[in-house]
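Q: Would you mind keeping the following structure in view while I ask a few things?
The values are calculated or read from the model by the stated rules, or taken from the named source; none is laboratory data. If you're wondering where the values come from, they're calculated on a predicted model, not measured in any experiment. Heavy atoms of the whole protein, side chains included, go into the accessibility calculation; ligands, DNA and RNA do not. Shrake-Rupley method; radii C 1.70, N 1.55, O 1.52, S 1.80 Å.
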Amino acid sequence: MKSTDLAAVRRTLWAAADELRANSKLTAVQYRQPVLGLIFLAYAEHRFEEVRPGLEAQVTARRPVTPGDYRAKSVLFVPELARLSNLVNLPEGEDVGKAVDGAIKAIENANPDLKDILPRGYQRLDRSTLIELLRLFAPLPRQLSGDAFGLIYEDFLSNFASQEGRLGGEFFTPYSIVRLIVDVIEPFHGRVLDPACGSGGMFVQCAKFVERHHESATKALSIFGTEKTEETVPLAKMNLAMHGLSGDIRLANTYYEDPHSVTGTFDFVMANPPFNVDKVDKTKLGALERFPFGLPKSDNANYLWIQQFYSALNGTGRAGFVMANSAGDAGHSERDIRRKLIESGAVDVMIAIGTNFFYTVTLPVTLWFLDRGKAGAEREDQVLFIDARHWYRQVDRAHRDFMPEHIEFLANIVRLYRGEEVETIDGSETLLKENFPDGKYADVAGLCKVSTRVEIEHQGWSLNPGRYTGTAAIKDDGENFNEKLAELYEEFSRLSDEADLMRAKVDTAIQGILDA
């Protein structure tokens, strides 16, 4: 299928599914799990039908095909009663909800790894809505490729997150933010941790990064996640499965539990943790080795998260995470922790992000990047600050994101700073030439600045990029300012007079209609 056709299918599917919800009694939260479950069934059936002819061609009377034969090919065995093609053709009067719940139970029984992952409760859905959903998704196994299902799953996660507002943001981090984090930390291979993993989007983008660089994600990456919300864990597991990935995702509260024994064991850490959380019980934090710079005295968990990300890295590990802007300038005990972190040499890059990139908050945020591998290197004493607040695409009235060339350009600034080769696949070449005409890193006012530890100390150990990058220089166009201002004011006055005249004509016309 062409990418343009696939994009149309993705839009059509969401529009149809959303219309069904709008005409039901379900909220977005109630609707999300069963719909994602049906997409998963469609994907499983597609993969099953892909390999079935080859396996059945090898069947003998003494050696029938078994579910184990499908698992050996990393494919789920889909019993006949779990296939959408059968569910959509149930006889009139059949209890469809009960049948779908039975299908979920059957596929779980045939594939024990799916136990407690797939959603149930389809009997709670209105019969007509469920039938229409089955008609919507049943043709997909024969129409789409495997990659398309992963993209559709991501679309639906994103759209549900948008509809659910603050609650949606707890399980979903916008794609362009995740992509930028991944492109900066460059997870080519190793152990990857997200201790607040939500629906697992960080892992999916890590895998895509590896595949863009022509390697196998399943061979290159080992995935570990924790998530404290019970109903979100299955979203992450389904997301991994839909993208052909596997990982160890645990239900745990990362403040108090450490199911992966993380300290010093990970090559990459990525996260979008909740901001400014209070009431964390510091007496239950467990091993203090996860907080090597001390506990903050304030009732705010930001620096508990930051230290967990740092301590989980091995000697060459990199971390990238989203953090509230306030953390970069927080005072008192939090400033002391930040100073120790900076003095460790691990703080590598800080990127300021503008407003409206998230569903949870409209406020601007900062992306933090740590690199424990730069200890002893030339960059050990330096931090790269990037102000990306003026880079965005307006998606709708309330949301923004980065275009692909923005992401590639911002990541290329980091690559130039590190002395790495830049990438220009997504169209950042023009931006690079405009800002770095020599093809080498240089400070650019209003965009990027490399600062030393001494400079950061003089700024009170602030990690706010705006303090370092300054503002862009404005070119002198040679025009006299007073003359230009007078010219603009004259134009403004003329347009105002015309507007007043137009308003009087409209008032007269409307009044005439009303008086008739």
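Q: What accessible area, in Å² to the nearest ten, does a 1.4 Å probe give for residue 185?
A: That residue has around 0 Å² of solvent-accessible surface.
Q: Let me ask you something else. How much area per residue is accessible in the chain when the probe is 1.4 Å and only protein heavy atoms are counted (Å²)?
A: Numbers: 25220 Å² over 516 residues.
Normalised by residue count, the accessible surface of the chain is 49 Å².
Q: From the square roots a ≥ b ≥ c of the eigenvalues of the alpha-carbon gyration tensor of the range 97-165, which class results: rounded (a/c under 1.5), prolate (a/b over b/c), or oblate?
A: Note, shape of the range 97-165 comes out rounded.
Q: Sort 254, 452 from largest to smallest accessible area, using a 1.4 Å probe on the heavy atoms of the protein chains.
A: Details: 254 15, 452 45 Å².
Largest accessible area first, the list is 452, 254.
Q: Moving on. Please label the shape of the range 270-332 as rounded, prolate or oblate, based on the square roots a ≥ b ≥ c of the eigenvalues of the alpha-carbon gyration tensor (a/c under 1.5 means rounded; beyond that, a/b larger than b/c means prolate, else oblate).
A: Details: a/c = 1.72, a/b = 1.17, b/c = 1.48.
Because a/c hits 1.5 or more and a/b fails to exceed b/c, the range 270-332 counts as oblate.
Q: Further, regarding this structure: Rounded, prolate or oblate: pick one for the chain, where a ≥ b ≥ c are the square roots of the eigenvalues of its C-alpha gyration tensor, a/c under 1.5 means rounded, and failing that, prolate if a/b is larger than b/c, else oblate.
A: Oblate, since a/c reaches 1.5 and b/c is not below a/b.
Q: Continuing with the same structure: With a 1.4 Å probe and all protein chains in place, put 390, 406 in order of accessible area, largest first. Before the final figure, lay out the partial values.
A: Working: 390 140, 406 20 Å².
Largest accessible area first, the list is 390, 406.
Q: Another question about this same structure. With θ set to phi - 60°, apply the Karplus curve 6.51 cos²θ - 1.76 cosθ + 1.60 along the range 336-344 and write out the HN-Hα couplings as whole Hz, x wherever there is a Gly or Pro.
A: Karplus values, whole Hz, x for Gly and Pro: 5, 5, 4, 4, 5, 5, 5, 5, 5.
Q: Return the carbon/sulfur percentage of the accessible area of the chain, one whole number, probe 1.4 Å, all protein chains in place.
A: So the carbon and sulfur contribution to the accessible surface is 51 percent.
Q: Also, I was wondering about something else. Mean residue ellipticity at 222 nm from the helices of the chain, using -39,500 (n - 2.57) per DSSP H segment of n ≥ 4 over the full residue count, to the nearest 500 deg cm²/dmol? Numbers along the way, then the final one.
A: Working: 20 runs with 237 residues, N = 516.
Helices in the chain give a 222 nm mean residue ellipticity of -14000 deg cm²/dmol.
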